[in-house]
Amino acid sequence: MTDYGRTLSFGVSLDPAADALGTTRRLAQLADDSGLEHLAVQDHPYVPGHLDAWTLITHLAAVTRRISFLTDVADLQMRPPIMLAKAAASLSVLTEGRVRLGVGGGGIPDAIASMGGPARRGADMVAYAEESVDLIRRALHGSTVQLHSPYHTIEGYRAGPVPPWPTEILLGAQKPKMLSLAGRAADGWISPLNIYVPPGEVPSRQALVDEAATAAGRDPRSLRRVYNVIGSIGAGRGGQGLVGDVSVWTETLSEWAVELGFDTFVFWPAADPEEQTRRFAREVVPAVRAEVQRLRGTR
């Protein structure tokens, strides 16, 4: 049982496809108006039909008011860390802090190579990611950044602007070395979709994050835990992932919060994104908040 006691938050994943822009824009505005906390945007720039993640986020930031944006996750091999920090800091200033920076080591090396990226794998990718997370954090704090290493040559960059609000750096991970990196260096862990990391595999991964955080002198309870959840809300619906009526979603997400330790859920609608997001925000989210509060109060 792993309930870290953190405040719950909820979001929806947006389709970055260029031919879905109208729906994506409406979905972002719906989520903003419905009280969700996060709009998540995946980062696969090598997909021909996908818009660039940062360009899309900047566009959507202009048509929303309060909701935060989460890169889910920005590819560190395609986006040099100093420039990624600059982009995140700039957008944070422009949006009054509506930025959560999810990053990942780069999970599709051949696709990265197709765009001229280095396509690092294994321990080499983990080492690069660890160095990159540190550089991003230093740059977001406005430090003078200098580093000579096999991965980076930075000759004294004077970082800025400094965001007026702290910018979380969350790490997407599913294997042991990256999970340990999340625990010792990031502000939280982003789990892949529930169809890729099913609930039964979560406890062992949370344990790796916790052990690394503790070994680094950090409190595991301070780290955000994000679960990307694909599925459909409604009796009789089919499809992959979590499928069922509102009561099934309420019971399941509440269990994943108090038993598995997740505090943030990003919904990936399997169909009818606007109708499904409306139901998620209006029916599922308040029910989960109430049920988790009840469960925590009985302990």
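The values are calculated or read from the model by the stated rules, or taken from the named source; none is laboratory data. Note that the coordinates shown come from a computational prediction; the quantities given were computed from them, not determined experimentally. Cβ: placed from backbone, ideal geometry, glycine included. Neighbour counts: every protein chain shown. Protein only, heavy atoms only, side chains kept; ligands, DNA and RNA dropped before computing areas. Shrake-Rupley method; radii C 1.70, N 1.55, O 1.52, S 1.80 Å.
Among the residues in region 225-237, are any over 20 Å from the mean Cα position of the chain (by Cα), closer than 19 Å to Ala173 by Cα, touching a residue at least 12 places away in the same chain (Cβ under 8 Å) and not in a helix (DSSP H, G or I)? Checked against the condition, which is being over 20 Å from the mean Cα position of the chain (by Cα), closer than 19 Å to Ala173 by Cα, touching a residue at least 12 places away in the same chain (Cβ under 8 Å) and not in a helix (DSSP H, G or I), region 225-237 yields no hits at all. Taken as a whole, the structure places Asp32 among residues that are assigned to a helix (DSSP H, G or I) and at pLDDT 95 or above. Report yes if some residue within region 74-93 is in contact with an Asp or Glu (Cβ under 7 Å, 6 or more places away or on another chain), within 30 Å of Asp219 (Cα to Cα), buried (at least 20 other Cβ atoms within 10 Å of the Cβ) and touching a residue at least 60 places away in the same chain (Cβ under 8 Å); otherwise report no. No: region 74-93 contains no residue that is in contact with an Asp or Glu (Cβ under 7 Å, 6 or more places away or on another chain), within 30 Å of Asp219 (Cα to Cα), buried (at least 20 other Cβ atoms within 10 Å of the Cβ) and touching a residue at least 60 places away in the same chain (Cβ under 8 Å). Mind checking which helices (runs of 4 or more DSSP H) fall wholly inside region 107-202 and carry at least 1 residues that are modelled with pLDDT of 95 or more and surrounded by 18 or more Cβ atoms within 10 Å (Cβ to Cβ)? Qualifying helices (runs of 4 or more DSSP H): 122-140, 176-185.
Got a sec? Which of Ser247, Ser232 is open to solvent by 20 Å² or more (accessible area, probe 1.4 Å) and among the hydroxyl-bearing types (Ser, Thr, Tyr)? Answer to the selection: Ser247.
Could you tell me whether region 2-20 includes any residue that is outside any helix (DSSP H, G or I), in contact (Cβ under 8 Å) with a residue 24 or more places away in the chain, surrounded by fewer than 16 Cβ atoms within 10 Å (Cβ to Cβ) and of a type in the set (Val, Ile, Thr)? Yes - at least one qualifying residue is present in region 2-20.
A residue that is farther than 22 Å from Leu14 by Cα, surrounded by fewer than 22 Cβ atoms within 10 Å (Cβ to Cβ), over 18 Å from the mean Cα position of the chain (by Cα) and at pLDDT 95 or above cannot be found anywhere in region 264-285. One residue stands out in region 37-73 among those that are of a type in the set (Val, Ile, Thr) and surrounded by fewer than 16 Cβ atoms within 10 Å (Cβ to Cβ): the one that is farthest from the chain's Cα centre (by Cα), namely Val63.
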